[in-house]
Amino acid sequence: MRETTIDVRGAKIRALEAGSGAPVLYLHGMDGPRADPLLMELARSHRVIAPEIPGFGRSAVPPWMTSVADAALFGLDLVEALKIDRLHLVGHCIGGWIAAEMAVRHATPFASLALVSPMGVQSATPPKDDVFIPSPDAVLRAQFHDAALAEKEIAARAGEDIDIVLQNRTGLARLGWTPRFANLQLPHWLHRIHAPTLILWGEQDRVVPPDCADIFRREILRAEVLLYAGCGHAVPWECGADAARRIAALIAQPFSTGAR
């Protein structure tokens, strides 16, 4: 993947980009922008743009971004800057929450929406793992159901700059500290999402309980939910190939706003 820069109202945003075909905006999860298997598989047949959410990675933490609502409005400014019609929106984890909030605020630009183990709504049961207190390795292990795959990913990230790791955790805390990873008003507004929507979740997700999928399915008019057995929060790594295939099928559907 190549690194590019997007000018969003004077802010220079780093992004990973690859592929050609139908345009996909991919919003990363809590670990910042990465060429994860889902992203790489989508890029085989689509033009994928994966921006760095301000406050994550090497970007500065903007003083004006104090909530996911701010991040969603910034995301809509980014969509305008891209000047792409019929954009397909994909978001994982915190990126899934931001994607849902973007689609709630302005449904028109999005031809489809895929939410991959998204944060944003509150579960009836608390998460099994905290992602702020443990060490970075422990947090990464908590995201995987496959322990061997988790250790492989830990080894692959062994040389990462600890400042970036801490920046990602700070960015996540800034957006989702309280109430933890949820906007209590979001379920009331999910009916505003008109695009065909696919929700993918790992049945063994210990970070965001999979029963949250029921709320998205109930409130979004055209939502389909798929739960992966033997998969945790790290769906892009543990089930990336199948997730890409299903998202590609969603993207290939004939375009319709599906408004109520």
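The values are calculated or read from the model by the stated rules, or taken from the named source; none is laboratory data. Keep in mind it's a predicted model, so treat the numbers as computed, not measured. Note that each Cβ is placed from the backbone with ideal geometry, even for glycine, and that neighbours are counted across all protein chains shown.
Just a few scattered comments:
- Among (1) at pLDDT below 95; (2) more than 16 Å from Leu190 (Cα to Cα) - the single one Ala107 does not satisfy: (2)
- Matching residues, region 54-66, being surrounded by 16 or more Cβ atoms within 10 Å (Cβ to Cβ) and at pLDDT below 85: Ser59
- Criterion applied to Ser117, Ser123 was being under 24 Å from Pro187 (Cβ atoms), touching an Asp or Glu at 6+ places or on another chain (Cβ under 7 Å) and at pLDDT below 95, and the one residue passing it is Ser123.
- Scanning region 1-53 for residues that are within 18 Å of Leu82 (Cα to Cα), of a type in the set (D, E, K, R) and surrounded by fewer than 19 Cβ atoms within 10 Å (Cβ to Cβ) returns Arg2, Glu3, Asp7, Arg9, Lys12, Arg14, Glu17, Arg47.
- Taking every residue in region 201-225 that is surrounded by 22 or more Cβ atoms within 10 Å (Cβ to Cβ) and pairing it with any residue that is hydroxyl-bearing (Ser, Thr, Tyr) and modelled with pLDDT under 95, at least 6 positions away or on another chain, the pairs with Cβ-Cβ distances below 7 Å are Cys212/Ser123.
- Within region 70-81, the presence of a residue that is touching a residue at least 40 places away in the same chain (Cβ under 8 Å) and not in a helix (DSSP H, G or I) is excluded.
- Selection of region 153-205 for residues being among the aromatic types (Phe, Trp, Tyr) and on the phi < 0 side of the Ramachandran plot yields Trp177, Trp189, Trp201.
- For region 1-43, the set of residues classified as of a type in the set (D, E, K, R) and free of Cβ contacts under 8 Å to residues at least 60 places away in the same chain consists of Arg2, Glu3, Lys12, Arg14, Glu17, Arg34, listed by residue number.
- Residue in region 55-68 that is under 27 Å from His191 (Cα atoms) and in a helix (DSSP H, G or I) present: yes
- Residue in region 226-249 that is nearest to the chain's Cα centre (by Cα), counting only those that are among the small types (Gly, Ala, Ser) and crowded, with 16+ Cβ neighbours inside 10 Å: Ala234
- A residue that is within 23 Å of Phe56 (Cβ to Cβ), β-branched (Val, Ile, Thr) and either at pLDDT 95 or above or crowded, with 20+ Cβ neighbours inside 10 Å (or both) cannot be found anywhere in region 178-195.
- Taken together, the residues in region 130-145 that are surrounded by fewer than 17 Cβ atoms within 10 Å (Cβ to Cβ) and either of a type outside the set (A, V, I, L, M) or modelled with pLDDT of 95 or more (or both) amount to 6.
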